[in-house]
Amino acid sequence: QKVSVEVLDHLEHLALVDFRDSEGVERLHKAIQFADQLCEVNTDGVEPMDSVLEDRWCLYLREDDVTEGNCTKELLENAREKVEEYFVAPPGNIPLPKLEERETFLQSS
């Protein structure tokens, strides 16, 4: 399947990934081909699941014991960018050119 320039532009902004070279576009095509294999699976009569663990009566969780704490200052020293006492994620957007301003490799693929 061919990916339109508009879809490619939308994916770039959602994923913050630059597909402006032929390698990026080829990788996207391979990912789509891989995912398309799911359409070949017969799912007739299969009920949708909320979780792969839904047949268990209870989930075995560990105790939530606090062993360390009060280290906010040390943790925030690792942040590239922060606002008040919060990490900013993702740390800035990748500046992508406008759709009409960029060359695309889709015409050649």
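The values are calculated or read from the model by the stated rules, or taken from the named source; none is laboratory data. These numbers were taken from a predicted model, which means no experiment stands behind them. So basically every Cβ, Gly included, is an ideal-geometry build from the backbone, and we count neighbours across all protein chains shown. Side chains are part of the model used for accessible areas, which takes the heavy atoms of the whole protein and leaves out ligands, DNA and RNA. Shrake-Rupley method; radii C 1.70, N 1.55, O 1.52, S 1.80 Å.
Test each condition in (1) closer than 30 Å to residue 4 by Cβ; (2) at pLDDT 85 or above; (3) surrounded by 10 or more Cβ atoms within 10 Å (Cβ to Cβ) for residue 35 and report the one that comes out false.
Of the numbered conditions (1) closer than 30 Å to residue 4 by Cβ; (2) at pLDDT 85 or above; (3) surrounded by 10 or more Cβ atoms within 10 Å (Cβ to Cβ), the odd one out for residue 35 is (3).
Confirm whether residue 80 is out of contact with any Lys or Arg (no Cβ under 8 Å at 6 or more places or on another chain), basic (Lys, Arg) and not in a helix (DSSP H, G or I).
The answer is yes for residue 80.
Starting from residues that are more than 20 Å from residue 15 (Cβ to Cβ) and either modelled with pLDDT under 80 or touching a His at 6+ places or on another chain (Cβ under 9 Å) (or both), keep the ones in segment 69-109 and report whichever is least open to solvent (accessible area, probe 1.4 Å). Walk me through how you get there before you give the answer.
Kept after step one, since they are more than 20 Å from residue 15 (Cβ to Cβ), are these residues of segment 69-109: 69-79, 82-86, 100, 107-108.
Still in the list and also either modelled with pLDDT under 80 or touching a His at 6+ places or on another chain (Cβ under 9 Å) (or both): 100, 107-108.
Values: 100: 147, 107: 134, 108: 98 Å².
So, considering only residues that are more than 20 Å from residue 15 (Cβ to Cβ) and either modelled with pLDDT under 80 or touching a His at 6+ places or on another chain (Cβ under 9 Å) (or both), the one least open to solvent (accessible area, probe 1.4 Å) is 108.
Quick check on this structure: which one of 52, 66, 25, 17 is assigned to a loop (DSSP other than H, G, I, E, B), surrounded by 10 or more Cβ atoms within 10 Å (Cβ to Cβ) and either of a type in the set (Asp, Glu) or at pLDDT below 85 (or both)?
17
Are any residues in segment 1-14 open to solvent by 60 Å² or more (accessible area, probe 1.4 Å) and part of a loop (DSSP other than H, G, I, E, B), and if so, which ones?
1, 2
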